[in-house]
Amino acid sequence: MSDQTQDTTPPPGAEPQQPGLRFLETTVYIMGGLLIIMLVVLIGGIIWKANHKPEAPPDVPKIFGAGIAPGTQIDEVTLNGDRLAIRAGGEVVVVDVKKGSIISRVRLFEQ
C-alpha cells in the first residue's frame, strides 16, 4: 500500500510560517515599489523645475511727478546710487528712485 499523504512538518531549523505572513510580505514589496516610484517622480520634478524657470515679468516704467510746476526750467539732474537730485527754479528736489518718492525739497532762495 502506498501512502499518498504529504508531510506538512517544516524541515529542521526552519521556523513555521505564520498565518497572514504572505500578505504582509506582499504588502512590504508593494510599498517599497511605491516608495521607489515616488522618489523617481520627485527627482524628475526637481530636474524639470530647474530647467523650466518662469520668465520674470517685464519691468513697467513708473511715472513719477516730482512736484515741479509746469514751465519751470530744470537746470541740473544728478543721480547718485538710488537718489536723484533735480535742481529746478529756486529749489532742489531729492527723489528716491527705487521707491518713487520725494525724500526732501530744499529751497535755495525765497521767491
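The values are calculated or read from the model by the stated rules, or taken from the named source; none is laboratory data. Everything numeric in this text was worked out from a predicted model, so none of it was measured. As a convention, Cβ positions derive from the backbone with ideal geometry for all residues, glycine included, and neighbour counts pool all protein chains shown. Surface areas here come from the heavy atoms of the whole protein model, side chains and all, with no ligands, DNA or RNA. Shrake-Rupley method; radii C 1.70, N 1.55, O 1.52, S 1.80 Å.
Mind listing whichever residues of region 63-91 are among the aromatic types (Phe, Trp, Tyr) and open to solvent by 100 Å² or more (accessible area, probe 1.4 Å)?
Step one: of region 63-91, the residues among the aromatic types (Phe, Trp, Tyr) are 64.
The answer is none; no residue qualifies.
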query: Limited to region 59-77, what total is found for residues that are closer than 11 Å to residue 95 by Cβ and outside any loop (DSSP other than H, G, I, E, B)?
result: 1
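Can we say residue 27 is open to solvent by less than 100 Å² (accessible area, probe 1.4 Å) and assigned to a helix (DSSP H, G or I)?
Working: open to solvent by less than 100 Å² (accessible area, probe 1.4 Å): yes; assigned to a helix (DSSP H, G or I): yes.
Answer is yes for this residue.
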task: Check residue 58 against each of (1) more than 25 Å from the chain's Cα centre (by Cα); (2) under 21 Å from residue 99 (Cβ atoms) and name the one condition it does not meet.
output: (1)
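Considering 94, 41, 60, which residue is out of contact with any His (no Cβ under 7 Å at 6 or more places or on another chain), of a type in the set (Val, Ile, Thr) and open to solvent by less than 80 Å² (accessible area, probe 1.4 Å)?
Checking each option against the conditions leaves just 94.
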message: Need the failing condition index for residue 103 against (1) modelled with pLDDT of 80 or more; (2) exposed (fewer than 10 other Cβ atoms within 10 Å of the Cβ); (3) not hydroxyl-bearing (Ser, Thr, Tyr), just the number.
response: (2)
